[in-house]
Amino acid sequence: MSTGTGRVRVGAPVSVGVVGLYLFLVIIIVYATNRASFTSNPIVPEFLIGVMFLFLARNLSTYYVLDDRALYARRIFGSRTIPLDQVRMLEFANLRDLGPVSFFGGWGWRGRMWSPLIHTFDAIHTVSAGILVTAGDVPLFVSPKRPEEFAVELSRRVRSYNPTVGLSSFSPDRSLG
């Protein structure tokens, strides 16, 4: 990752477990369809397989762009942009630390999740460890490759707008109020 004033583009790590799970689900659908006629409409298994591959493509297409004005979290059919001048807090976080977030929240189309600790937040991620960016009305959780390097660069750029924003670890005792 280059530091400076240019654009930084960082991919998200690929979870072998997540890719394996999607492929396993596709295999189960194909196997069940070929072994038994559990549906009278042959388009249903094809639709389910298409949905699995669409969600896998969304997961694999996740990346982040950082420039002098904003953080862009991108993926197929769903992105979010956070202007750096709106960032109030940067924290290393883990989805497990945020509390009992829904299993379906990570699989949901929008990535909107709820935590009893921080309430509503968006997540454009591929793994559970990453950075919680508090900005605007809804915080954003991202999981770039090499999160430490990305967080340092993000923090450096945010401090050019707000010198009081530092980088810390998520504390379950804090509340956004």
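The values are calculated or read from the model by the stated rules, or taken from the named source; none is laboratory data. Not measured: the values here are computed from a predicted model. Cβ atoms come from the backbone with ideal geometry, glycine included; neighbour counts cover every protein chain shown. SASA here: full protein model, heavy atoms, side chains in, ligands and nucleic acids out. Shrake-Rupley method; radii C 1.70, N 1.55, O 1.52, S 1.80 Å.
Take 74-80, 128-134 and order them by the average number of nearby Cβ atoms within 10 Å per residue, most first; the result is 128-134, 74-80.
Leaving out ligands and nucleic acids, and using a 1.4 Å probe, what accessible area per residue does region 41-147 come to in Å²?
Here the per-residue accessible area is 46 Å².
Taking a ≥ b ≥ c as the square roots of the eigenvalues of the Cα gyration tensor, region 129-168 is oblate, since a/c reaches 1.5 or more and a/b is not larger than b/c.
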